[in-house]
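Asker: Quick one: the structure is below, questions incoming.
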Amino acid sequence: MNISLSNLRRHSSRCGFSLVEVVLATGIMALGVVTILGLLPHGLELTRKTANEQAETRIVDQIVGELQTMNWASMTVGQPQIRYFDDQGLELMQPNGDSFKMLLNYVVQVNIPELDVKLPTNDGDGRRQTNQNLRRVMIKMISAPLPEFDFDDPNTTVPIKSFTQLIANAGLVTDQP
């Protein structure tokens with residue numbers, strides 16, 4: 001076998017990658033990694049917002065469900081009630097102690113006004129009659145660990161979310177006419 005030196009050089013120069021190719025591939029890979037790392041904070045923020053919305057929805061659903069199934073004669077009307085919840089939307093029962101302060105994430109005010117839902121009557125004269133089986137529930141919520149928060153006079157930059165819901169009387173025992 002007779003292999004000339006010029007054939008060997010040509011053959012060996014074609015094997016492997018050149019420095020330009022390696023630098024170009026490294027640059028493309030670095031651009032992809034930087035792009036993915038740039039999206040990471042946005043994804044984490046979106047996950048946090050979604051978890052907060054799920055907890056808020058769970059809190060509102062729990063309160064509305066409780067009010068809908070309770071005896072309306074025992075319902076506290078006209079006086080706002082303050083309730084406390086953790087980051088999962090679970091109610092905290094004892095508002096004192098260090099563990100309460102560590103777990104507190106949501107402060108909620110529940111207000112049930114007097115019967116104020118008026119529906120049209122069937123007599124055709126356009127009158128509206130107060131419905132005895134519907135109540136309006138107003139829920140205000142903050143996502144901050146402030147147990148002494150005053151919903152009537154908020155002197156803070158904490159945003160207050162408001163929810164209004166109509167509930168139907170589904171309780172087994174009522175004192176309504």
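Asker: When only residues in the stretch 96-132 that are in a helix (DSSP H, G or I) and not aromatic (Phe, Trp, Tyr) count, which is nearest to Asn169 (Cα to Cα)?
Answerer: Residues of the stretch 96-132 in a helix (DSSP H, G or I): 98-103.
Those still in the list that are not aromatic (Phe, Trp, Tyr) too: 98-99, 101-103.
Working: Asp98: 38, Ser99: 36, Lys101: 35, Met102: 37, Leu103: 33 Å.
Top of the filtered list is Leu103.
Asker: Which of the residues belonging to the stretch 135-174 are touching a helix residue (DSSP H, G or I) at 6+ places or on another chain (Cβ under 9 Å), closer than 24 Å to Ser99 by Cβ and not hydrophobic (A, V, I, L, M, F, W, C)?
Answerer: The first filter runs over the stretch 135-174 and keeps only residues touching a helix residue (DSSP H, G or I) at 6+ places or on another chain (Cβ under 9 Å), leaving 135, 137, 139, 141, 143, 145, 147, 161, 163, 165, 167-174.
Filter once more, keeping what is closer than 24 Å to Ser99 by Cβ: 141, 143, 145, 147.
Ser143, Pro145, Pro147 - these are the residues of the stretch 135-174 that are touching a helix residue (DSSP H, G or I) at 6+ places or on another chain (Cβ under 9 Å), closer than 24 Å to Ser99 by Cβ and not hydrophobic (A, V, I, L, M, F, W, C).
Asker: I would also like to ask the following. Taking the stretch 151-177 as the search range and keeping residues that are modelled with pLDDT under 90 and among the charged types (D, E, K, R), which one is farthest from Val77 (Cα to Cα)?
Answerer: The selected residue is Asp153.
Asker: Separate question: When the stretch 55-95 is examined, which residues are found to be hydrophobic (A, V, I, L, M, F, W, C) and part of a loop (DSSP other than H, G, I, E, B)?
Answerer: Met70, Met75, Val77, Leu90, Leu92, Met93
Asker: Now for a separate question. Which condition number does Leu115 fail, the rest of (1) under 30 Å from Thr47 (Cβ atoms); (2) touching a strand residue (DSSP E or B) at 6+ places or on another chain (Cβ under 9 Å); (3) without any contact (Cβ under 8 Å) to a residue 40 or more places away in the chain; (4) not β-branched (Val, Ile, Thr) being met?
Answerer: Result: Leu115 fails condition (1) only.
Asker: Within the stretch 47-68, which residues are under 12 Å from Leu90 (Cα atoms) and among the charged types (D, E, K, R)?
Answerer: Taking the stretch 47-68 first, the residues under 12 Å from Leu90 (Cα atoms) are 54-63.
Scanning the stretch 47-68 gives Glu56, Arg58, Asp61.
Asker: With respect to the numbered conditions (1) polar (S, T, N, Q); (2) more than 20 Å from the chain's Cα centre (by Cα); (3) modelled with pLDDT of 90 or more, which one is the sole condition not fulfilled by Gln54?
Answerer: Condition not satisfied by Gln54: (2).
The values are calculated or read from the model by the stated rules, or taken from the named source; none is laboratory data. Computed from a prediction, not measured in an experiment: that's the story for all the values here. Note that we place each Cβ from the backbone using ideal geometry, even for glycine, and neighbour counts take in every protein chain shown.
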